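Read through the structure below, which is laid out as structure tokens, and then see the notes.
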Amino acid sequence: MKKKLLFILLSACFALGLCGCGGAGTDEAKLTADCQNGNFVGEVDKETDVIAFKGIPYAKSPTGDLRWKAPQAPEDSDETFEAKEFGKTATQYSWHSEPAGENEAGVGEDCLTLNVWTKDMDAENKPVMVYIHGGGFAWGGTADPLYNGSTIVEQHEDVIVVSMNYRLGMFGEIDFSKVQGGEDFPDSKNLSMLDLMQGLTWIQENITSFGGDPENVTIFGESAGGAFASLLTASPDAQGLFNRAIAESGCVNLTFDQEDFDATGTTEALLEATGAKNMDDLMAIPEEELIRIYTEEDLDGEGTTLNDLYNMPYRGQEGIVEEDPYETLRSGVGKDVDLMIGTNADEWRYWINEMGDVEMTEMDEEGIEENMAVYEEAVAAEKKEEAYAVASDRDKENLDKFFQLEQIKDLDEIWQNTELGNETGFRMGAIEAASCHAEAGGNTYMYYFDIPSDNFDFVGACHASEVAYVFHNEDETGFSGTVDKDLADQICEAWVNFAKTGDPSVGDIKWTKYNIDDRNTMVITKDGLKIESDPLGDQRQLLQPFAKYYLK
């Protein structure tokens, strides 16, 4: 009797295509997205029950004849591919604060892939949140556990999260205009921007297969990713590829003009390190050898590599990054894009950790003191020296008043100088972008994140410390320290609400828009979220004349 019953059950399962009996047939169908360049099979994350698709190509591989060329749309395909592992991370050397470089797939030129997280494949018209990772334009990648999109989707099942890799370092921004044959590489100074635009184009054409709404796409990013989010907002050619943008601790001032490109000497160093005389020579270098030279070759006897000589997006390519992105925003480009932008209270303190070869949490007291000493001299003090060096006599008076103000706050000199860096490097640029966007009639919101890390008492709310809260990844505490789950609930929900509706208000907490009259800003502290008018306004006013030096 038992054998007969088992036979009947198995027969029923096969007759129904194993439906409901744990078989692979129907399960795989429910985990497959039919896209322009293939049918991609994802898998369910066991911890969150979210479906993850990883390593999907959004462009042709930028290798061979396509090295240093603008990305091209992938070929049409009806083939089926597994999408269960991250693709290659953009070429970079391994660094302790950028774990994406340790991705199992390795690093390489063939890196133009994206990942999608969704709760189910049957839904339609879900808002789409597209994350652009940071890493100083030369490091980082979507394989970093901090950017695991399943945690947002687990909390908010009615959104889809996407993350994109893009070319970095000299593979993403380099100038070949003075190299023989360089005229055939006119886009080489802004390949990262073009990669992201191609990725957004792919999303427009394919996201419905995952249940997403191509007419409700929000880009969000931190550091270099924040710069790209704001640059895409100000890019004439990117209009229509997304509807909203969130720029975290990065803005359109993080760009280079021709003089900046020349100053880095990246192109000359590449030619010298490889022995190449022209573009034909450069194109002929095998990928493995080029990666070795880029990440390992000691250029100066002090360990400097080509990877260290990175550029930023080029300011001056019409339609992509205009000569004055602030003026572009002010003129109305991007005014139909809802914009949320902000910075952290202690941005520059992040670089204390970057002064050593390992994480400070792995250092003894002597190692931490060495990091602090290098940071104080090479970063904090340099900010003050640079400011006085470029300032007019009248502006120097404002600088004197700024430091008098910081002394009243009883800050040590290292933190006074750091606060100047916070303002000139990050906050000033974000405020100007918000002001330009609001003046043009754009829907604009601003935040100021001030939840200090408990890793060390001197780290504060450093650069990148908000990301664990946004992604609701409480285990990724390298920058944030211990994450308060209730605050993460609120912050993640604010970001998601903005993506859904263009309004980041949370429950009873009304997030009012930003304008140049009251400068309403959501101040995020360990005590919660609260709107303030023009926080740190005294600092802002004293340093306003410095916009001409720092906002290019």
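The values are calculated or read from the model by the stated rules, or taken from the named source; none is laboratory data. Everything numeric in this text was worked out from a predicted model, so none of it was measured. Every residue, glycine among them, receives a Cβ derived from its backbone with ideal geometry; neighbour counts consider all protein chains shown.
Key figures
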read-out: Some residue of region 29-38 being surrounded by fewer than 19 Cβ atoms within 10 Å (Cβ to Cβ) and modelled with pLDDT under 95; value: yes
read-out: Residue in region 132-167 that is nearest to His463 (Cα to Cα), counting only those that are among the acidic types (Asp, Glu) and surrounded by fewer than 24 Cβ atoms within 10 Å (Cβ to Cβ); value: Glu154
read-out: Pair list, Cβ < 6 Å and 6+ apart or interchain, from region 161-176 residues that are in contact (Cβ under 8 Å) with a residue 24 or more places away in the chain to residues that are among the aromatic types (Phe, Trp, Tyr) and not in a loop (DSSP other than H, G, I, E, B); value: Val161/Trp117; Ser163/Tyr131; Ser163/Tyr147; Asp175/Phe261
read-out: Which listed residue, of Glu75, Glu104, is without any contact (Cβ under 8 Å) to a residue 40 or more places away in the chain, within 23 Å of Ser209 (Cβ to Cβ) and part of a loop (DSSP other than H, G, I, E, B); value: Glu75
read-out: Region 224-252, subset polar (S, T, N, Q) and crowded, with 24+ Cβ neighbours inside 10 Å, residue nearest to Lys335 (Cα to Cα); value: Thr233
read-out: Among residues of region 535-552, those that are of a type in the set (Asp, Glu) and under 26 Å from the mean Cα position of the chain (by Cα), counted; value: 0
read-out: Test: residue in region 287-297 that is polar (S, T, N, Q), within 25 Å of the chain's Cα centre (by Cα) and under 16 Å from Gly108 (Cα atoms); value: yes
read-out: Scope region 507-529; condition part of a strand (DSSP E or B) and either under 24 Å from the mean Cα position of the chain (by Cα) or modelled with pLDDT under 95 (or both); matching residues; value: Thr521, Met522, Val523, Ile524, Thr525, Leu529
read-out: In region 180-195, the residues that are crowded, with 24+ Cβ neighbours inside 10 Å and either touching a Ser or Thr at 6+ places or on another chain (Cβ under 9 Å) or under 18 Å from Lys277 (Cα atoms) (or both); value: Ser188, Lys189, Met193
read-out: Whichever residue in region 319-352 is more than 19 Å from the chain's Cα centre (by Cα) and within 24 Å of Gly169 (Cβ to Cβ) and, among such residues, is surrounded by the fewest Cβ atoms within 10 Å (Cβ to Cβ); value: Gly319
read-out: Residue match in region 392-407 (condition: assigned to a helix (DSSP H, G or I) and more than 19 Å from Pro545 (Cα to Cα)); value: yes
read-out: Candidate set: region 522-552, residues that are hydroxyl-bearing (Ser, Thr, Tyr) and either exposed (fewer than 15 other Cβ atoms within 10 Å of the Cβ) or touching a Ser or Thr at 6+ places or on another chain (Cβ under 9 Å) (or both); chosen: the one farthest from Leu329 (Cα to Cα); value: Ser533
read-out: Hits in region 173-191 - residues which are assigned to a helix (DSSP H, G or I), out of contact with any strand residue (DSSP E or B) (no Cβ under 9 Å at 6 or more places or on another chain) and under 17 Å from Leu254 (Cα atoms); value: Leu191
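Residue-by-condition table, conditions (1) buried (at least 18 other Cβ atoms within 10 Å of the Cβ); (2) among the aliphatic types (A, V, I, L, M):
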site	(1), (2)
Glu47	no, no
Ala52	yes, yes
Ala59	yes, yes
Glu75	no, no
Lys84	no, no
Ser94	no, no
Glu102	no, no
Asn115	yes, no
